[in-house]
Amino acid sequence: MSDSQPGPKQKITRRDFAVSAALAGAAIAVVPADLLAQQKSASDAAKPETPQPPKLSAASQAEVEARYAEVVRKYGSRLSEEQKKDVHKSLVSQQQSLEQIRAFPLENWDEPATVFKAVTNFTKGGKRS
């Protein structure tokens with residue numbers, strides 16, 4: 001690296017940047033694996049062991065089950081049991097989001113936040129102008 005550190009008006013050179021990046025990469029490589037494992041186990045301990053299933057209303061649960069039945073009817077022969085569980089979990093998650101959207105009060109005269117304006121820059125020949 002150069003002898004002087006870059007100041008507010010002095011630019012860093014590509015060589016200085018490359019050396020700094022190499023040193024940072026080397027520093028990460030020499031971090032003891034035990035330290036990384038301890039950090040990982042600490043973050044795993046903070047997570048709940050089993051996620052609780054979301055609470056849905058009876059109507060929402062029936063909607064999820066109807067969608068799930070339709071997916072199984074269409075694609076059930078091609079899905080494994082694990083994939084079917086993933087599909088069900090995904091449908092439940094989507095239903096939660098859908099409930100939040102449906103709970104937002106809207107009136108008929110409420111306008112969207114953005115308005116779609118189609119812009120066409122084509123001439124009669126179909127080419128852009």
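Roughly how many nanometres apart are two label points built 7 Å out from the Cα toward the Cβ at Val119 and Ser97?
A separation of 2.9 nm, rounded to one decimal place.
Give the peptides 77-84, 105-112 in descending order of average Cβ contacts within 10 Å, highest first.
Going by the mean number of other Cβ atoms within 10 Å, highest first, we get 77-84, 105-112.
Laboratory data are not the source of any read-out in this text; all were calculated from the coordinates shown. If you're wondering where the values come from, they're calculated on a predicted model, not measured in any experiment. Methodologically, a virtual Cβ is constructed for each residue, glycine included, from the backbone with ideal geometry; neighbour enumeration extends over all protein chains shown.
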